[in-house]
1. Quick one: what pairs do we get from the stretch 183-197, first residue among the charged types (D, E, K, R), second in a loop (DSSP other than H, G, I, E, B), C-beta under 6 Å, 6+ apart or different chains?
2. Check off (1) open to solvent by less than 40 Å² (accessible area, probe 1.4 Å); (2) over 25 Å from Y184 (Cα atoms) for A109 and give me the number that stays unchecked.
3. Find the residue count for the stretch 83-103, including only residues that are over 18 Å from M151 (Cα atoms), within 20 Å of the chain's Cα centre (by Cα) and part of a helix (DSSP H, G or I).
4. Out of the residues in the stretch 165-220 that are touching a Gly at 6+ places or on another chain (Cβ under 9 Å) and β-branched (V, I, T), which is least open to solvent (accessible area, probe 1.4 Å)?
5. Quickly run through the stretch 148-164 and pick out the residues that are more than 22 Å from T176 (Cβ to Cβ), assigned to a helix (DSSP H, G or I) and open to solvent by less than 10 Å² (accessible area, probe 1.4 Å).
6. Can you confirm whether T97 is in contact (Cβ under 8 Å) with a residue 40 or more places away in the chain and not aliphatic (A, V, I, L, M)?
Amino acid sequence: MLSILAFAAIVATAAFNFPSAVNAQVDGVDFLGCNTPNTLAMTFDDGPHATITPAILDVLKELGIKTTFFILGKNAVSTQAILKRAYDEGHQIAHHTYDHLSLPTLTDAQVREQIQKNEDLINSVIGHRTALMRPPYGDSDTRVYNIVKSMGYTLVKWNLDTNDWQNIDPFKIFETDLKPGTGYDSLSHDINVQQTPAKIRQIYNLVKQRGFRFISMAECVGRAPYKDGYGNVVNSAFDRSSGGGAQNPASPAAGGATRTSAAAGSAATTTGAPGPAPSSAAGGAPTTTTVVIAQQATTAVRSSTTAAPTATATGGAIVGTGASLPLVSAVSLFAAIAALVA
């Protein structure tokens, strides 16, 4: 009996000290896709463009959907009014560096300059500092990841690449690759002539036919879009205007927050850096959840007209930070086994 009790003690101790999930770091990013199945975060990189972006905004307004624009600083300098329009119309604004350089090829100081310079420019236009960042070409590594994370960012890639920069019809990619049961973060470019209003309407109809819901990148990965909170972005799961829904979580600037997004057949959750967790709408206690999200394997192709080698992500992303099992679980397990052998 003593040996059984000793075994129970070991099991209980192991439960109490359950290892945390590793914070992503798949190819130096946090996320390769969306947490919730049958959702799509449609994103556009490298703009704003003087003529293509306004046409995209027109059709998005017509269709009533919100997307995310990963802003390239050097292109935004002369198109600030378009950037402001995108923000004012409810689209999320995110970060794509200032000069579109491969970050692993830069020094630490140069990486920080690329991030800070673009962040300052965007803030001067929309009044918020971005909190989500997509590295140019999808290029990142441990060093870059740690630098950018230290500057308050969540790093994202994609798991559906339209390859529009190769003059491929983006609709054909959606038609082939959009599979029910997965959450997608699609990569497009609002500097590419393939992104026409007609194509976007086609994609919209296909997405709806296959039962997908359009969401922001913030909702896709479960993080606030800006360092000071949600700004213009309203997530369906954290809709401040709904009256009965849960409130938006605290911003990463305050140390991060924990939020949970669930879908039928999925227990997808995300946990931010340690910090104040959100309260439920009914005033319940904050929830902390272990997070392990396996995204499908994806090939991350260069996302610019600049010729360069491809970066490949092989394997699923494990994202977020974990939480130890509560002490009560360990105690209950020990007590249950002891009762059985008594």
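1. Listed by first residue and then by second, the contacts come to D185/G33; D185/C34; D185/W158; D185/N159; D190/G47; D190/H49.
2. Exception for A109: condition (1).
3. Qualifying residue count for the region: 2.
4. Per the criteria, the residue is I215.
5. V148
6. Answer is no for this residue.
The values are calculated or read from the model by the stated rules, or taken from the named source; none is laboratory data. All values reported here derive from a predicted model rather than from experimental measurement. Neighbour counts run over all protein chains shown; Cβ positions are idealised from the backbone, glycine included. These accessible areas exclude ligands, DNA and RNA; they are computed on the full protein's heavy atoms, side chains included. Shrake-Rupley method; radii C 1.70, N 1.55, O 1.52, S 1.80 Å.
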